[in-house]
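Colleague: First, the structure itself, so that you have it in front of you.
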Amino acid sequence: MLTGLRFCDIKYLNWKQVRGEQDNYYLQFRQRKTYKPQLVYISNQAFYLLGERGDPATLVFPKVNYNYTRDLLKVWPKQAGINKHLTFSCLRHTYATLQLDHGTDIYTISKLLGHLHLKTTQRYTRVMDKAKKEAANRIVLDL
C-alpha cells in the first residue's frame, strides 16, 4: 500500500531493483503487465519495511504467494470489523485515492502507478467528498 505496485511486480521484485539512498529510494524494474520500464520512488518508511537487503539476484519477497495474500485480504478486514471484499487491486486503488486526497495531482499519480494513459488513472481515483467540498468553497464572490 506504500507503493501502489501491482501484485505481479511485487512478487518478482529483486534486490537489484531496489536502489537509492536516504530520502531518495526507488524501485527500477520492468512492469510485468506492460513490459515497460518503470521507476517508482518510495518513501524511507517503505524502504525500511523491506528489511535487510539480500543478494541482488534474490527476490525481495521470496515467499509471497497470490492465494495466501488473497486469503489474508479476506481475514484482515473481518478481524478489523470491516465487512467488505478486498483484493490486491483495492490496495492499488487505495494508494491512488490517498495520494489524491493528500494533494498529489492526477498526472503524478498516473506515473507512480505506471499507467500509460491518464484515463486509466482517472478510473482508479474517485473525487473524495472532502475535495468536492473544498472545491465548492474556493469560489467566493466579494459582495
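We did not get these values from a lab; they are worked out from the coordinates using the rules stated. What you see is a predicted model; the values in this text were computed from it and never measured.
Colleague: Write down the Kirkwood hydrodynamic radius of the chain, to one decimal in angstroms, obtained as one divided by the mean of 1/r over all alpha carbon pairs.
Modeller: Here the Kirkwood hydrodynamic radius works out to 17.1 Å.
Colleague: Taking a cut-off of 18 Å, what percent of all Cα-Cα pairs in segment 1-62 are separated by more than that?
Modeller: Taking all Cα-Cα pairs of segment 1-62, the fraction more than 18 Å apart is 27 percent.
Colleague: Using the scaling law 2.2 N^0.38 Å as the reference, what is the normalised Cα Rg of segment 65-131? Each step should come with its number before you reach the end.
Modeller: Numbers: Rg = 13.8 Å, N = 67, 2.2 N^0.38 = 10.9 Å.
Compared with the compact-globule rule of thumb, segment 65-131 sits at 1.27.
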